[in-house]
Amino acid sequence: MSRDKVLNCNKTKTMDRKQFIQASGFGLGIALIPGIMRSETTLTNGSVSGTLEPKIIKDSEGDVLNVIGDIQTHKLIGSETNNQIVEWVDNVEPGVGIPPHVHTREDEIFRVIKGVIEIMIDGKASVLQAGDTAFAPKNVPHAWKVVGTEKAKMITSAFPAGIEHMFMELAKLPEGPPNFEKVAAICGAHGISFLQQ
């Protein structure tokens, strides 16, 4: 096949593909509009549950909680995500962190935006900097602490949702050094236990 015929053939395929995308995009839009308009969520078992509302959350927005020194700005909570996920931003001073603990209900993802976080997952310590991500599955011990001299900012996601209720309870505790027995009891009621150090 000559080079000119190959170029014409490729050009025709490109045009056909573009026309197909334009035509099928319109068709897909019409087909999906009923489900999109209802904002339904299809669960893993195939059933449809709840109506979800879209939400835009600016950096300065959210509910701020002081959870024993971990300043959390809650961006999405379970009641807004059909209990699929909760997401908050940790704004934490150097030296502040969470001691080794285990979740039995939710997995967590940690994404560092600013500062330096030392994280331990399943006995292995790593240093995370801006742009780094860590995943801590349920039933795996983990801990984190802000290291260095700079305040850290980290986006944390937990799924499924529910842990936000524990944070709300912890934020109601009186200021000052926390009563560890009370903290452990609140966390234990939400499936989280601390490890002996």
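Just so you know, all these numbers are worked out from the coordinates, no wet-lab data involved. None of the values given here were measured: they were computed from a predicted structure.
The table below lists the values:
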quantity	calculated
Residues with amide H under 5 Å from that of Ile85, placed H, sequence gap 5 or more	Ala161
In Hz, Karplus ³J(HN,Hα) per residue of the range 159-173 (6.51, -1.76, 1.60; θ = phi - 60°; x = Gly, Pro)	9, x, 6, x, 4, 4, 5, 5, 4, 5, 5, 5, 5, 7, 5
Phi to ³J(HN,Hα) by Karplus 6.51 cos²θ - 1.76 cosθ + 1.60 over the range 66-78, Hz, x for Gly, Pro	9, 9, 6, x, 8, 7, 10, 10, 6, 9, 9, 10, x
